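Participant: Can you keep this structure in mind? I'll have questions shortly.
The values are calculated or read from the model by the stated rules, or taken from the named source; none is laboratory data. The model shown is predicted, which means the values in this text are computed figures rather than measured ones. Here Cβ is always computed from backbone atoms with ideal geometry, including for glycine, and neighbour counts include all displayed protein chains.
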Amino acid sequence: MLKRKDVVKADSLFRIGGNAATGPWGPALLALALLLIPMAAATAQESGGRGQQMEFIRDAEIEHIIRGYAQPIFHAAGVDPDAVDIILVQEDVINAFVAGGQNMFIYTGLLQECDNPEQLVGVMAHETGHIAGGHLIRGRDAMDNASAEALLATLLGVGAAIASHQPGAAATVITGGTGMAENNLLAFSRTQEGSADAAGMRFLDSAHITAQGFHDFLQKLAGQELLPANRQVAYTRTHPLTQDRIDAVADHLQASPWKTAMLGPAANEQFQRLKAKLIGFIHPALALRRYAPGDPSIIARYARAIALYRQGNLTEALPQLDALIAQEPKNPFFYELKGQVLMENQRVAESLAPYRRSVELLPDSGLLRGALAQALLEAGDPRLIDEALRQLQFATRQERNSPFLWRLVATGWGRKSNDGMVAYALAEEAVAKGDRAMARSESERAERMLPAGSPGWLRAQDIRAIVDAH
């Protein structure tokens, strides 16, 4: 796994690429590889007060599941799904917000609090209402101090930060000023909340999904505004909650032809696995208590296998992973997780077979191909370099703004003694990090060393032109 720390600049040149992996599994569940790795990012201390750390995680399965739920909502809203970055915040608080353009932040605490996928979809429909309503644009126009601008730059930098992790999943640490959730940038007025509710319910109806989940979620938070501000759930601080809003959702439900249109058992199973995975990685000891050893369900065994691996107990974790693979032999992410477990424990050669199998089962996933490429390079066999570069060629098309993948590309070409392609890959890495000076320097070096008209030479010219334009 990635062990180094990258410094990511807040003024990243390009928006985050957020395309989810797609493939033959469709709505079926994928599996995990979640690791908490600290990464230094830009700060927004200008806003004053004590700094606050936030962790952002990336995971192929979780992103796939959430994007699958959000896709019909985005389409109903007329929003390009590929233009929305869904960013997972690893923190045990109930919150979600949109900021810095079409960036949707979802806290793991909210995922754990939701009882079913309908509740999560309701929240995402509401947040999509903010995007479609242009609330963020108006909010930015209203900002009148440098601290809010600094925070916005930090939020925009998050995308570059989370994209730099190794495939599977990871986390990044970012320092903010006073609580980000309390900043004006993230807090909407009651008028905007009502507008986002109405839009979200329209999107749910258009997608033929009940708004019951959203109603139930708001009911969970009912009464929060009667508490002192420091005791309120974060969601109610960023989304002012009133009984009128809850009543409006209830009235909509009564008239909606889709009142009982739940997502179905498969989607619920998928969501419960997502929750089990999160608790297995984030709170392994709790997962081992919550999911009893005698529970034969895949959900429980999945959580336990992950928790045991996180605690370093491979003697029990690997047999449980093998049993899961035997039960679902076409689940590509069970293989990916096994590959990760093996590679993290210095069994790189053994990790290649499960990694390769995961790619065979889900060839359209850039994250899986990137994981395989890393294992191929770490194996230290010169005969595997070309295979690694082929995997990376695909992976970087899917995850173009991942500094880590471009560093792997540079490593592969370095082992083949192709300095021109090394320079090109380092230029791409610098672009993904928002390092203009390095992007210019390496793109110029690539232009000098690569054959004129070659793909790398042409892309190096593009990079230099874009850097100059900024």
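Participant: Any residue in the stretch 426-442 that is in the same structural domain as Asp468 (by TED's automatic domain parsing), more than 27 Å from Asp85 (Cβ to Cβ) and either in a helix (DSSP H, G or I) or not hydroxyl-bearing (Ser, Thr, Tyr) (or both)?
Facilitator: Looking for residues that are in the same structural domain as Asp468 (by TED's automatic domain parsing), more than 27 Å from Asp85 (Cβ to Cβ) and either in a helix (DSSP H, G or I) or not hydroxyl-bearing (Ser, Thr, Tyr) (or both), one finds at least one in the stretch 426-442, hence yes.
Participant: Inside the stretch 319-357, can you point out the residues that are hydroxyl-bearing (Ser, Thr, Tyr) and at pLDDT 95 or above?
Facilitator: Answer for the stretch 319-357, where residues must be hydroxyl-bearing (Ser, Thr, Tyr) and at pLDDT 95 or above: Ser351, Tyr355.
Participant: Right, next: Which condition number does Phe281 fail, the rest of (1) modelled with pLDDT of 95 or more; (2) closer than 21 Å to Gln346 by Cβ being met?
Facilitator: Only one criterion is unmet by Phe281, namely (1).
Here is a yes/no grid of residues against (1) surrounded by 23 or more Cβ atoms within 10 Å (Cβ to Cβ); (2) under 18 Å from Pro332 (Cβ atoms):
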| site | (1), (2) |
| --- | --- |
| Arg347 | no, no |
| Ala353 | no, yes |
| Gly366 | yes, yes |
| Leu377 | no, no |
| Asp381 | no, no |
| Ala395 | yes, yes |
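Participant: Assuming Phe404 fulfils every condition listed in (1) in a helix (DSSP H, G or I); (2) touching a residue at least 60 places away in the same chain (Cβ under 8 Å); (3) over 27 Å from Ala349 (Cα atoms) apart from one, which condition is it?
Facilitator: Among (1) in a helix (DSSP H, G or I); (2) touching a residue at least 60 places away in the same chain (Cβ under 8 Å); (3) over 27 Å from Ala349 (Cα atoms), the lone unmet condition for Phe404 is (3).
Participant: For the stretch 435-456, give me each residue that is in contact with a Phe, Trp or Tyr (Cβ under 8 Å, 6 or more places away or on another chain) and under 17 Å from Ser402 (Cβ atoms). Lay out the reasoning, then the answer.
Facilitator: Going through the stretch 435-456, the residues in contact with a Phe, Trp or Tyr (Cβ under 8 Å, 6 or more places away or on another chain) turn out to be 442-443, 446-447, 450-451, 456.
The answer is Glu442, and nothing else.
Participant: Can I ask one more? If only one of Ile86, Ile94 is among the hydrophobic types (A, V, I, L, M, F, W, C), in the same structural domain as Ala125 (by TED's automatic domain parsing), in contact with a helix residue (DSSP H, G or I) (Cβ under 6 Å, 6 or more places away or on another chain) and farther than 16 Å from Ile279 by Cβ, which one is it?
Facilitator: One residue alone meets the criteria, Ile86.
Participant: Next question, about the same structure. Considering every residue within the stretch 255-278, establish whether at least one is surrounded by 17 or more Cβ atoms within 10 Å (Cβ to Cβ), touching a residue at least 40 places away in the same chain (Cβ under 8 Å) and in contact with a Phe, Trp or Tyr (Cβ under 7 Å, 6 or more places away or on another chain).
Facilitator: Taking every residue of the stretch 255-278 in turn, at least one turns out to be surrounded by 17 or more Cβ atoms within 10 Å (Cβ to Cβ), touching a residue at least 40 places away in the same chain (Cβ under 8 Å) and in contact with a Phe, Trp or Tyr (Cβ under 7 Å, 6 or more places away or on another chain).
Participant: Quick check, is Ala317 farther than 20 Å from Glu269 by Cα and surrounded by fewer than 20 Cβ atoms within 10 Å (Cβ to Cβ)?
Facilitator: no
Participant: Give me the residue from the stretch 451-470 that is touching a Lys or Arg at 6+ places or on another chain (Cβ under 9 Å), at pLDDT 90 or above and not charged (D, E, K, R) and, out of that set, nearest to Val431 (Cα to Cα). Full working, then the answer.
Facilitator: Initial filter on the stretch 451-470 (touching a Lys or Arg at 6+ places or on another chain (Cβ under 9 Å)): 460, 463-464, 467-468, 470.
Filter once more, keeping what is at pLDDT 90 or above: 460, 463-464.
Right, trim to not charged (D, E, K, R) and you get 460, 463.
Values: Ala460: 11, Ile463: 8 Å.
Looking at the filtered set, the residue picked out is Ile463.
Participant: So which residues in the stretch 436-470 are surrounded by 24 or more Cβ atoms within 10 Å (Cβ to Cβ) and of a type in the set (Asp, Glu)?
Facilitator: Glu442
Participant: How many of the residues making up the stretch 191-216 are touching an Asp or Glu at 6+ places or on another chain (Cβ under 8 Å), surrounded by fewer than 20 Cβ atoms within 10 Å (Cβ to Cβ) and farther than 16 Å from Val98 by Cα?
Facilitator: Qualifying residue count for the region: 1.
Participant: Mind checking which pairs have a first residue in the stretch 61-81 that is on the phi > 0 side of the Ramachandran plot and a second that is in a helix (DSSP H, G or I), Cβ under 8 Å, 6 or more apart or different chains?
Facilitator: If the second residue must be in a helix (DSSP H, G or I), the pairs left are Gly78/Ala132.
Participant: Out of all the residues in the stretch 77-112, which are in a strand (DSSP E or B) and closer than 20 Å to Ala198 by Cα?
Facilitator: Within the stretch 77-112, Ala96, Phe97, Val98, Ala99, Met104 qualify.
Participant: Gly456 - would you say it is farther than 25 Å from Glu344 by Cβ and within 28 Å of the chain's Cα centre (by Cα)?
Facilitator: no
Participant: Among the numbered criteria (1) closer than 30 Å to Asn331 by Cβ; (2) without any contact (Cβ under 8 Å) to a residue 24 or more places away in the chain, which one does Leu458 miss?
Facilitator: So the condition that Leu458 fails would be (1).
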